[in-house]
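Heads up: the structure comes next, in structure tokens.
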Amino acid sequence: MAHETSGTNVPARTTEEVINLYADMVYRIAYTHVQIKADADDVFQEVFLLYCKKRPVFESEAHRRNWLINVTLKCCRKITFGAFRRRTVPLEEEFPAAADPPDDAALSVYAAVRALPQKYRAAIWLFYYEDLPVKEIAEALGVPPDTVKSLLFRGRKKLKEQLKGAFFDE
């Protein structure tokens, strides 16, 4: 396996090591955003193909993770808003995501998160499911930290509306 040229604080990793380390995160983000297994597979493949082609140099491991998140989200947007998707009606899929939570309550919350508009879904997913701090989400999304805080606030509000009755009283 080829090695990337390492940055100042980042250990050199083979492409295989990077894929093993970040495969689950990239796939979960992709599937959550495109919501079709075949499209998530395409995003996954495109992200790591770009990684291999560009061979980016990173300042830190967080920088590498943020780069992968950012590229994943861009690939998702390309698929979601591409001409092909606009002219087709997706078939209903019954494939469970690898990150599907096991119990009914968690499944309800997970489904509600997946139903959020994409801008809120990205912030909520990265904060709660990937455990990223606001600063790193801001870097990954290319927005200021205050924007991330607003997206999280509005996303939580939308989730509360969606889950009203199931988990929240009037």
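In table form, for the structure just shown:
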| read-out | value |
| --- | --- |
| Residue 139, sole failed condition from (1) at pLDDT 90 or above; (2) among the charged types (D, E, K, R); (3) surrounded by 15 or more Cβ atoms within 10 Å (Cβ to Cβ) | (1) |
| Hey, residue 70 in contact (Cβ under 8 Å) with a residue 40 or more places away in the chain and buried (at least 18 other Cβ atoms within 10 Å of the Cβ) or not | no |
| Every pair of residues 6+ apart whose Cβ atoms lie under 6 Å, when the first sits in segment 30-45 and is over 18 Å from residue 117 (Cβ atoms) while the second is modelled with pLDDT of 90 or more and surrounded by fewer than 22 Cβ atoms within 10 Å (Cβ to Cβ) | 44/27 |
| Positions within segment 51-60 being part of a helix (DSSP H, G or I) and either buried (at least 17 other Cβ atoms within 10 Å of the Cβ) or modelled with pLDDT of 95 or more (or both), in sequence order | 51 |
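The values are calculated or read from the model by the stated rules, or taken from the named source; none is laboratory data. What you see is a predicted model, and the numbers here were worked out from it, not measured in a lab. A quick note on method: Cβ atoms are made from the backbone with ideal geometry, for glycine too, and the neighbour counts reach across all protein chains shown.
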